[in-house]
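Reviewing the structure listed below.
The values are calculated or read from the model by the stated rules, or taken from the named source; none is laboratory data. Source: prediction; values computed, not measured. All Cβ positions, even for glycine, are placed from backbone atoms using ideal geometry, and neighbour counts span all protein chains on display.
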């Protein structure tokens, strides 16, 4: 190995000569070329043990990140499916309610015909089938005498008071109400009766007991009875004896 001056003003890098002869000139034995090649490669490359922990940690971090992304996408898709299914059911229910709402007038006519005794024979059979089909679809009627008045479901058109009820009570149904699912299609038109305590009129004013005949009201408000018969009046009886 020799060093030569570089014409550009520096020294050339040293030249390395490797003996790649398969036969050793000194001993005449065949050299193991595979072992030499492996030793040369091992001297030039880093050990795998130093890189393995770093590569494993990086792969684990990427795996965890991809797993979280997959879980997030799965949750978003599940929420999307639920929202679409809920919207679809709402649209179907709304369409059914629109159709049923248009048939409420027919149900009113059938109810009036039944009240007058005109719903008989084949007409009765048809009316029963119509009512059964609408009830199967989800239509429910309400509004009966004796029900507790609910302003969210009843429309009060008449009002009265009575001591026979304990609270606002439906005492007459002028038009039946209908619900479809959780939706009120038409409120029931009813007459409502409120509780009237004893001794109170419809305006909430206290009723005074009638005063007995000949009673005189004292300054404190209590009545003072006055005799009505002449013989019960001492002054009048004395006058009568004097006059006699």
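Quick notes on this one:
- Residue count for the range 147-188, restricted to those that are in contact (Cβ under 8 Å) with a residue 40 or more places away in the chain and under 19 Å from residue 112 (Cβ atoms): 6
- Selected residue (criterion: nearest to residue 179 (Cα to Cα)) from residues of the range 70-105 that are touching a helix residue (DSSP H, G or I) at 6+ places or on another chain (Cβ under 8 Å) and assigned to a helix (DSSP H, G or I): 100
- Set side by side, the residues 179, 171, 161 differ, and just one is surrounded by 12 or more Cβ atoms within 10 Å (Cβ to Cβ) and under 25 Å from the mean Cα position of the chain (by Cα), which is 179.
- Within the range 104-146, the set of residues being under 30 Å from residue 162 (Cβ atoms) and either exposed (fewer than 15 other Cβ atoms within 10 Å of the Cβ) or touching a residue at least 40 places away in the same chain (Cβ under 8 Å) (or both) comprises 108, 111, 112, 114, 115, 116, 140, 142, 143, 144, 145, 146.
- Across the range 183-218, the number of residues qualifying as at pLDDT below 85 and either outside any strand (DSSP E or B) or more than 22 Å from residue 156 (Cβ to Cβ) (or both) comes to 22.
- Looking across the range 147-158, the residues that are surrounded by fewer than 15 Cβ atoms within 10 Å (Cβ to Cβ) and assigned to a strand (DSSP E or B) come down to 148, 157, 158.
- When residue 240 is tested against (1) at pLDDT 55 or above; (2) assigned to a helix (DSSP H, G or I); (3) surrounded by 10 or more Cβ atoms within 10 Å (Cβ to Cβ), just one condition goes unmet, and that condition is (1).
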